[in-house]
1. Would you mind pulling out the separation of the Cα centroids of the range 1-65 and the range 78-121, in Å?
2. For the range 128-262, compute the orientation-averaged projected area of the C-alpha convex hull (one quarter of its surface), in nm².
3. Which value, in Å to one decimal place, does the Kirkwood hydrodynamic radius take for the range 48-131 when every pair of different Cα atoms is included?
4. Which residue, chosen from Pro208, Leu102, Ile175, occupies the Cα position most advanced towards the positive end of the dipole of the range 58-210, where the dipole is computed from +1 (Lys, Arg) and -1 (Asp, Glu) charges on Cβ about the Cα centre?
5. So what J values fall out for the range 135-144 if you push phi through Karplus, 6.51 cos²θ - 1.76 cosθ + 1.60 with θ = phi - 60°, rounded to Hz, Gly and Pro as x?
6. Principal axis lengths of the chain from Cα atoms, whole Å, largest first?
7. Extending each Cα 7 Å along its Cβ direction at Leu207 and Thr96, get the distance between those two points in nm, one decimal.
8. Placing unit charges on C-beta atoms (Lys and Arg positive, Asp and Glu negative, everything else neutral), compute the dipole magnitude of the range 149-291 about its Cα centre in debye, rounded to 20.
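Readers should treat all values here as calculations from the given coordinates under stated rules, not as data from a laboratory. Keep in mind it's a predicted model, so treat the numbers as computed, not measured. Note that each Cβ is placed from the backbone with ideal geometry, even for glycine, and that neighbours are counted across all protein chains shown.
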Amino acid sequence: MSWERWRIPLMLGPTVLIILVLFFGSLGFGFLQSLGFQPQLGNTELNFDAYISVMFSEEHSSRFWAGLLLTFWVAFASTFISAALAIAIALLLRRTFFGKRLAVFLFQLNLPIPHLVIAIGMILVFSQSGLLSRVAGELGLISSPREFPVLVRDSSGIGIILAYVWKEIAFFGIIVMAILQSLGEDYEAAAQSLGANRWQRFRYVTLPLIMPGLMSASIIVFAFTFGTYEVPRILGVRHPEMLPVMALDFFLNPDLNARAEGMALSIIIAVIVLILVLIYMYISARTIRRG
């Protein structure tokens with residue numbers, strides 16, 4: 001009887017220990033470094049100078065607030081567009097047609113492709129010297145590559161958004177298609193029998209049913225795009241730059257004292273994502289209670 005009581009905690013113990021040590025240990029040590037704790041440099045006094053410097057100093061404040069706005073814009077736009085397109089494509093692939101298996105395969109093809117490869121592909125395809133600009137030039141649509149729209153390394157983050165949409169749409173699509181397959185078409189058929197048109201069936205039946213899974217996927221994608229740096233590093237500009245790229249610049253600074261600012265930025269990113277996750281959990285729990 002006593003073994004059964006402790007069996008599950010003992011089985012989960014190693015995994016929980018690894019998470020506590022590697023994740024929370026690293027997070028705690030990073031927080032100490034953001035407070036200026038760098039004993040290898042002789043800095044042991046804890047303070048919030050790095051946070052004040054990053055957010056309010058004349059040297060870094062403009063970069064930080066512009067980068068924060070750009071980071072929110074890129075993360076939100078990438079998540080929303082990917083989710084919307086994934087829903088539309090999943091509803092199309094739900095139907096039976098010739099070549100459906102091939103279409104599903106092609107839709108999910110970019111899922112295992114790393115983001116770094118997607119970013120390089122964006123340069124090769126969408127830059128002013130890329131494939132599309134050359135095709136447009138050959139067709140006479142533009143007279144020189146400079147006339148092609150700036151879609152890569154632009155100040156609005158359009159290239160970064162396109163790269164994330166290109167990559168994450170398959171992730172959303174798999175989740176939505178799995179939910180639709182598990183639900184079947186009985187609910188929609190019942191709504192149709194009651195006189196609901198196609199839009200009403202989607203708005204009042206399909207969308208509420210897929211929304212929990214869609215929201216879970218959205219918070220994952222938003223958190224990832226908010227905190228990753230490789231795609232913005234390749235496809236972004238020097239100003240404004242997203243917060244993860246700004247943090248990386250501090251880490252690459254030859255002056256090791258700048259690592260405190262880099263850690264402060266990393267902690268700020270982590271706190272923002274944590275707050276958003278908590279808000280999502282609160283909204284989800286409230287929705288479930290109402291249901």
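1. Centre-to-centre distance over Cα atoms comes out at 36 Å.
2. 12.9
3. 16.7
4. Of the candidates, Leu102 comes out farthest on the positive side.
5. So the Karplus estimates, Gly and Pro as x, are 5, 4, x, 5, 7, x, 6, 10, 9, 8 Hz.
6. 80, 73, 31
7. So the label points at Leu207 and Thr96 sit 2.9 nm apart.
8. 420
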